[in-house]
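Step one of this worksheet: look at the structure below.
None of the figures in this text is laboratory data; all of them are computed from the coordinates on show. Model, not experiment: these values are computed from the prediction. Because the Cβ atoms are built from the backbone with ideal geometry, glycine has one as well, and the counts that use them run over all protein chains shown.
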């Protein structure tokens with residue numbers, strides 16, 4: 001996505017809109033020239049590429065557009081790597097240690113200073129089993145400007161224009177107070193896809209409606225967060241391409257603008273934005289995937305399922321991260337993983353779980369700094385985890401709380 005300084009927008013009354021660019025000859029030509037530049041600099045350093053891009057962009061009135069297009073190519077189509085055979089930090093450690101023993105080091109030897117820079121490099125190269133040239137090249141290979149553009153996935157110029165326009169819309173959402181979505185006349189699988197992406201990005205939300213009439217979804221924006229607003233803002237923006245995969249919807253996002261005023265960013269399914277997302281993966285994160293793998297290795301009578309259904313609660317929905325079914329009886333339990341939060345969000349979450357009348361285990365990351373006091377009245381069973389969810393703890397709790405599911 002774009003950095004905040006590259007997001008272009010304009011006001012129209014009480015509304016704010018991205019300053020899209022048109023799919024015309026001018027910008028298609030600029031896009032292709034940037035793509036050709038990246039192709040030409042494959043195998044060269046990031047510093048060399050950045051210098052070439054800087055010279056190309058210049059200081060014209062469209063420099064922000066060119067920088068934005070270049071950034072998308074850099075972050076989404078390019079892979080930079082450190083090419084040194086040996087860790088640069090290890091090269092520096094040995095060089096500086098040997099240099100300190102022979103200080104001062106000179107370029108040319110004399111009677112007082114017989115050891116030169118070349119002598120030090122040659123000695124370290126011999127000890128490490130590489131050439132002196134490889135020592136020179138690897139010395140600062142880990143600095144960002146020395147990273148090598150190893151792979152460039154060349155896109156079509158039209159793709160780059162479409163991706164740039166979408167990135168502008170995403171950038172406006174960095175400053176959102178809240179986002180209101182109405183999804184209607186969709187197939188059930190489309191609704192489920194929206195809710196799965198909301199869960200994937202751990203967005204704080206409220207939902208009203210049902211499968212028949214559609215859903216009204218309210219998402220808290222990053223400007224409303226107490227902490228972690230930057231990370232949450234990126235995840236809020238990342239949700240937009242997922243919304244574009246839905247067929248019938250409209251969105252109104254309340255944006256805190258630069259002048260301090262709140263304006264509305266409206267969008268609907270007839271917009272020209274094109275999503276670059278495909279169908280969501282089975283697991284929302286590596287945390288969930290690793291937990292599922294470890295749980296399935298246990299010798300237990302429980303079958304784990306991933307987001308198997310939308311539980312309709314009249315004025316909201318609940319899609320647990322994991323569902324557990326007992327192989328020999330009708331007992332069921334759920335596991336929900338808490339992501340971003342605010343005190344009122346936790347209250348809404350607990351109220352939803354109480355209304356569902358389901359047996360739920362809540363796994364809470366210690367990184368969220370949620371105290372025992374905040375969750376002491378939680379209607380289900382909860383536990384805290386550090387970097388991974390222990391399947392043994394979940395299994396132990398399942399045996400205690402699971403029972404046949406009854407939703408009125």
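For region 88-141, what is the Kirkwood estimate of the hydrodynamic radius, computed as the reciprocal of the mean inverse distance between distinct Cα atoms, to one decimal in Å?
Hydrodynamic radius (Kirkwood, Cα only) of region 88-141 equals 11.2 Å.
Helix 188-200 and the longest principal axis of the Cα set of the chain meet at an angle near 50°. Counting only DSSP beta bridges with both residues in the chain, the antiparallel share comes to about 80 percent. Per-residue ellipticity at 222 nm, computed for the chain from helices alone with -39500 (n - 2.57) per DSSP H run of at least four residues, works out to -12000 deg cm²/dmol. When the chain is treated as a GNM, springs tying every alpha-carbon pair under 10 Å, which of 391, 132, 114 comes out with the largest mean-square fluctuation? With Cα springs under 10 Å in the chain, the top fluctuation among 391, 132, 114 is at 114. From least to most packed, judged by other beta carbons within 10 angstrom and beginning with the fewest, 211, 73, 139 follow the order 211, 139, 73. Measure nothing but the geometry: give the 0 to 90° angle between the long axis through the Cα atoms of 391-401 and the longest principal axis through the Cα atoms of the chain, rounded to 10°. Approximately 10 degrees, to the nearest ten.
When the chain is modelled as a GNM with alpha-carbon springs shorter than 10 Å, which of 183, 237, 125 fluctuates the most? Top of the fluctuation ranking is 125. Cβ crowding within 10 Å, taken as a proxy for footprinting-reagent exposure, orders 144, 225, 251, 177 from fewest neighbours to most as 144, 177, 225, 251. The angle between the Cα long axis of helix 286-296 and the longest principal axis of the Cα atoms of the chain comes to about 60 degrees, rounded to the nearest 10.
Kirkwood Rh and Cα-based Rg: tell me the resulting Rg over Rh for region 15-155, rounded to two decimals. Dividing the radius of gyration by the Kirkwood radius yields 1.20. Seen from all directions on average, the chain presents a Cα convex hull projection of 28.1 nm². Comparing mean-square fluctuations of 248, 230, 93 from a GNM of the chain with C-alpha springs under 10 Å, the top value falls on 93.
Using the alpha carbons alone, the radius of gyration of region 113-160 stands to its Kirkwood radius in an Rg to Rh ratio of 1.33.
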